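To start, the structure under review is shown below, and the notes come after it.
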Amino acid sequence: MTAHTAQTALLRRTGVMVTRDPRRVAAALFLPGQEPSAPGSSRAAGLVERCSLLSDDEVSATLADVRTGYAGRHTDLDAVLRSNFAAIAHRVPEVADLSADRRLLIGAYFTREIAVEAAALFNPSIVPHPVQSAASDGLRFVMSARAVSEGHLSTIVFRSGTFAPSEGPGGLRLEDASRFVSLGARRDAPLGRERLRLQAEADGADPETLDYVLSNLPDGVDLAALDAATHALRQDALTRIDIDATIEMLRRTVASSYEVIFDPASKVCERTLFPEADSESHGMEDARFTRLVADDGTATYAATYTAFDGSHVGSRRLDTDDFRTFRSSPLTGIAAENKGMALFPRKVGGRYLALSRWDRENNAVASSADGYHWDDVAGLQTPEQRWELTQLGNCGPPLETEIGWVVLTHGVGPMRAYAMGALLLDLDEPTKVIGRLTEPLLEPRGAERDGYVPNVVYSCGALIHEQKLLLPYGCSDTSIRFGVVDVPRLLERLVAG
């Protein structure tokens, strides 16, 4: 790789590295015959019948083997087996007559382990931890990352640590990771009528019929509310076109919004977000978290991420106050139709803003009235430098400084090699570029070049603390490393151009 010594000197590599841990396994529901990688007809009924033919002694012996072999790999294996049995209990004849052990064993046959990080761990994002230590020992942070398992399924995992730049090279400390994985419990999340309207219109619903259906629904619409109104709405099927199609479209839209709630006893580093909506069935990719500050000064956390259904990509949003309860919702509008959105940490000019690469090639700024529908897009940056001529994108949410928004970017150059750069945007007019680096801030070097996708450095977010920018970055889609940048020097270089 070509060395750009003048610019690269802005970033100091820390030597801290996070790698995948194949021992971290989730116990997930397994439906034989309905695997995402090789879908087919369900074989559940036959499996249940064969389990019913086992003698009581065989049940006891087999369940004992399961507990001996797997209990140490999960925090509460019996709870998982009970939950997975409950998910398929409707397929079990005379279920009330089954012993507790037989229920657990059937649950085990409908359970599989997924090594969430077995293939790769990369593309991190980082924000201040919602709970800070009272002692003066630096800034606690939460780092998200993209984990890849069997079948190239991407999930969102977390780590935590402390950043104390005044302590020098030893000021970055990662907290011990747990080998356990917690999946959380899913539940439906109501959607407002206007959000429903925008999503249904994007899916091609008849406007007149849509207006009529929505007028008969409460403002917070969930599946129960929609089902309760369905019978009365269908009485008008003869005079309103596409009632059934509109209702079915709304059902899919409502079902695509959900919440995931984790056990409060679980650790942040154990919580793993798995796909729950059809649009993300093949992966939740590259979450970009930011601490989102409201007009009244209160703060929460929000992230955009890429949803992949096996054929198409789109953007979705996560919201959380505590990294224990997460709400996931689809985003709409032209700026959300591709990957790589990144939210600004506050409104500007009364509107929500986000970085976008809606045309797959250039960086842009999108704006929204509600933070979910993004139809207003303004161009920001086109490929100019030799290390970014193939395409551009962002490397996470903008970082606010006293003189402007620092935007970390990525560019793709010869041999599909990635490098990271930076822009400086005007605080009040973020579509105005007031500074940029003309050489990369970071290029892959040495062992960083080797991995699942060679020659890539990529980040989904950084943070600033004590005038130091902490940058976690993925290396060749295989591991995560960290760099530190002096913010005053970076700003000076950005303004100099």
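Read-outs: derived from the displayed coordinates by stated rules, not from any lab. None of the values given here were measured: they were computed from a predicted structure. Every residue, glycine among them, receives a Cβ derived from its backbone with ideal geometry; neighbour counts consider all protein chains shown.
Suppose each label sits 7 Å from its Cα in the direction of the beta carbon; what would the Asp78-Glu150 distance come out to in nanometres?
Result for the modelled spin labels: 2.7 nm.
Need the list of lysines near Lys432 for cross-linking: C-alpha distance under 30 angstrom, and skip anything on the same chain fewer than eight residues off.
Within the straight-line limit of under 30 Å, Lys432 reaches these lysines: Lys339, Lys347, Lys468.
If you compute Kirkwood radius over Cα pairs in Å for the structure shown, which of [x] 31.0; [y] 24.5; [z] 23.2 do you land on?
It is the one labelled [y].
Add -39500 (n - 2.57) for each DSSP H run of 4 or more in the chain, then divide by its residues: what number comes out at 222 nm, to the nearest 500 deg cm²/dmol?
Value at 222 nm, helices only: -6000 deg cm²/dmol.
So if R0 is 41 Å, what FRET efficiency would Gln385 and Ala134 give, r being the distance between their Cβ atoms, rounded to the nearest 0.05?
In this case the efficiency is close to 0.35.
Pulled fully out, how much extra length does the chain show between Arg67 and Ala86, if you take 0.36 nm times their separation in residues and subtract their Cα-Cα distance?
5.0 nm
Show me, for region 192-208, the HN-Hα J-couplings you get by feeding each phi into the Karplus relation (A = 6.51, B = -1.76, C = 1.60, θ = phi - 60°), rounded to Hz, glycine and proline as x.
Each residue of region 192-208 in turn: x, 4, 5, 4, 4, 4, 4, 5, 5, 4, 5, 8, x, 5, 5, x, 5 Hz.
So, by mean Cβ neighbours within 10 angstrom, what's the order for 279-289, 47-57 with the highest one leading?
Put in order of decreasing packing, that is 279-289, 47-57.
Cα gyration tensor of region 26-113, axes a ≥ b ≥ c as square roots of the eigenvalues: rounded (a/c below 1.5), prolate (a/b > b/c) or oblate?
oblate
Within 10 Å of each residue's Cβ, count the other Cβ atoms and sort Ser83, Ser367, Ser479 from fewest upward.
Ser83, Ser479, Ser367
For every other residue with a beta carbon closer than 12 angstrom to the beta carbon of Glu58, add +1 if it is Lys or Arg and -1 if Asp or Glu, then tell me the sum.
Result for the local shell: -2.
Extending each Cα 7 Å along its Cβ direction at Asp56 and Asp211, get the distance between those two points in nm, one decimal.
Going by the 7 Å Cα→Cβ label model, 6.8 nm.
I need the calculated FRET efficiency for the pair Ile334 and Ala224, taking r as the beta carbon distance and R₀ as 30 Å, to the nearest 0.05.
Computed FRET efficiency for Ile334 and Ala224: 0.40.
Per-residue counts of other Cβ atoms within 10 Å, averaged by peptide: what ranking do you get for 107-116, 322-331, highest first?
107-116, 322-331
Fully extended, how many nm does the chain gain between Glu361 and Glu492 (0.36 nm per residue separation, minus their Cα-Cα distance)?
44.4 nm
Can you tally the net charge around Val260? Count Lys and Arg as +1, Asp and Glu as -1, for every other residue whose Cβ sits under 10 Å from the Cβ of Val260.
In short, +3.
Can you give the FRET efficiency to the nearest 0.05 for Arg251 and Arg23, using r as the Cβ-Cβ distance and R₀ = 41 Å?
Using R0 = 41 Å, I get an efficiency of 0.55.
Evaluate the relative contact order of the chain (contact order divided by residue number), counting alpha-carbon pairs under 8 angstrom at least 6 apart; express in whole percent.
Rounded, it is 14 percent for the chain.
Shape verdict for region 190-255, please, from the Cα gyration tensor: rounded (a/c under 1.5), prolate (a/b greater than b/c) or oblate.
Judged from the Cα gyration tensor, region 190-255 comes out oblate (a/c at least 1.5, b/c at or above a/b).
Rounded, prolate or oblate, given the Cα gyration tensor of region 104-162, with a/c below 1.5 counting as rounded?
It is oblate, given that a/c is not under 1.5 and a/b is not larger than b/c.
How much length would be gained if the chain were fully extended between Asp295 and His231, taking 0.36 nm per residue of separation minus their Cα-Cα distance, in nm to one decimal?
So the extension gain works out to 18.8 nm.
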